[in-house]
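Reading through the structure tokens given below for one structure.
Rule-based calculations on the coordinates, nothing more; no lab input. Computed from a prediction, not measured in an experiment: that's the story for all the values here. Here the Cβ is made from the backbone with ideal geometry for all residues, glycine too, and neighbour counts use every protein chain on show.
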Amino acid sequence: MSAPTVVERMAALERFTAATADRLPAPGLAPAQALVARAGERLALSQLHTVVALAGATGAGKSSIFNALAGVPLSQTGVRRPTTGQAHACVWGPDSADPLLDWLGVQRRYTRDGGTVPDLSGLVLLDLPDYDSVQSEHRAEADRLLSVVDLIVWVLHPQKYADKIVHSGYLAQFHRHRDITVVALNAADLLSETDLADCTTDLRRLLAADGLDGLPVLATSTVGPPGLDPLAEAIGQAVVARQAAVRRLSADLDGVTAALAPAVAAEPPKAALDGAASRTLTTALAQAAGVPTVARAVEGAYVHRARKMTGWPLLRWIRRTRPDPLERLHLGDHRAAVTAATSLGPASPAATAAVTKALREAADQASAPLPAPWQDAMLAAVRSHRDELPDALDRAVAQTDLGVARKRWWWRAVGLLQWLVTAVALVGLLWLGVRLGMQALALPPLRTPMVDGWLPVPTALLAGGLLAGFLIAVLVRPVVRLAARSRRRRATRRLRDAVQGVVKQLVEDPASAVLADYTTARAALREAAGTPARR
């Protein structure tokens, strides 16, 4: 595993944490966030050094190994609890490891240019506190360093190699870290050749149960054969390769991504809300926004305004005394200064309940394919603007062009025709009035032309004008009704489009943002796990 690959995987994990920071519970993300921070710090520090930790129980002999490798007694040895209370560090080579040790928090440090093994330049060897120490702070210090060092050497004693603490509490937890794990069965000089073989075989069995099947077991001793050469060689190979830090981060990545995998296991849907869910939600919100009421008002307003222009002129004043249905709702004219709000009343309890139900169903539909934490995030996103919906819907209705502000050309044509036939009737009426006046004044009657020899022209003008006006009004009435219904349907479509815009902005967009974060997080985690996302 090369450093650039680990860097790329870490970058992918960072993208995952960014996409899920507001979506997943903080405790579940904490290990990933901590690993991203730690990896950046570790890779920014010296890559010339390999940090190797000697870990073991009290009396296992790790301090003796530490001193033997260093060539001088730097760490106190013994069988009493506790012996090592603070971590000790020994650095090989001329390059300073102080920044790295400062980051590790190890204060007791020594420098060796040589020692029993002269080819370990770049090694930072740590003698950790006992993991089974009676002092809790010692155990905490050991656990802290075990989570950050590059290579771990587990020093086991023939009498305690099967201790459940080391196997269940430590080795089993490091089953993904086999590339940076070394097991040393120390004090091998106390065993006969047969006993050593039996112990080694049993220890390998226990390691296999811990998930470390095939991990080599090195027999070591600081006082006799087989000595420390096998261990020194294993450490030396890691130091020369300078890959232990990268392998440690890679193993940590494996563990973190495996723990997070269930959170993004499901295949994401193509859209947060499908067409049916969007239409259902739009219908519920349109009902709550009063779209049917406004549509009926559009029809009534069209009829009201058309009849004001096409009705009999002498009776139009009656129509003008009646209120315009849209004006009562503060609607109708789509001007530059759009009405800020309508006078529609609040939604009925039934409509409000329908909106709540539709939001819940939309959230359920959108989140159904997703894992549990994302279902909660999707529900929160769908309902995030619930309190804003009434005002947003009212504004959307108020700002919709309902298509009734402009007067129709045929209204004007019919109105002009009505004025013409009314003028004819008025001419006839005036003519008849003149004749009656002359008769009342005993003046000679005017000669009156006749229609077909029996109907006086003034009477024909009056009767014909009145009858024509009535017939025009009767004939125009169904046309007005048909046109009004067409306007109602058009207004309903426009209002639903406006409501759909609110649904998209306040419901679908937040839900789509959750889905986009899920898709991003899923692809990023696959890359962080070393499995590129399918395209």
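Key figures for this structure:
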{"item": "Rg over Rh, two decimals, the range 48-241 (C-alpha only, Kirkwood Rh)", "result": "0.93"}
{"item": "Alpha-carbon radius of gyration plus Dmax, which is the widest Cα pair, for the range 438-535 in Å", "result": "37.7, 118"}
{"item": "Fewest-first ranking of M378, M309, using other Cβ atoms within 10 Å as the exposure measure", "result": "M309, M378"}
{"item": "Expected 222 nm ellipticity per residue - DSSP helices of 4 or more, -39500 (n - 2.57), all of the chain, to 500", "result": "-18500 deg cm²/dmol"}
{"item": "Sorted largest first, extent of the chain alpha carbons per principal axis (Å)", "result": "160, 42, 40"}
{"item": "Summed residue charge, Cβ within 13 Å of D274's Cβ, Lys/Arg positive, Asp/Glu negative", "result": "-1"}
{"item": "Surrounding net charge for N186, when Lys and Arg each add one and Asp and Glu each subtract one, Cβ distance under 11 Å", "result": "+1"}
{"item": "Protection proxy ranking of 283-294, 155-166 - average other beta-carbon atoms within 10 Å, highest first", "result": "283-294, 155-166"}
{"item": "Additional length obtainable on full extension of the chain from A423 to S136, 0.36 nm per residue less Cα span", "result": "92.3 nm"}
{"item": "Residue order, fewest to most surrounding Cβ atoms within 10 angstrom, among V382, V182, V240", "result": "V240, V182, V382"}
{"item": "Net charge of neighbours whose Cβ lies under 13 Å from the Cβ of R205, counting Lys and Arg as +1 and Asp and Glu as -1", "result": "-3"}
{"item": "Ascending count of other beta-carbon atoms within 10 Å, so fewest first, for Y170, Y110, Y131", "result": "Y110, Y170, Y131"}
{"item": "DSSP bridge pairs, the range 48-241: antiparallel proportion in percent, nearest 5", "result": "15 percent"}
{"item": "Span-rule helices in the chain, defined as complete DSSP H runs reaching 30 Å or more along the axis (Cα) with Kyte mean at least -0.5", "result": "409-440, 457-503"}
{"item": "Of the trypsin sites (Lys or Arg not before Pro) in the range 246-285, those whose Cβ has at most 14 other Cβ within 10 Å and which sit in DSSP loop", "result": "K270"}
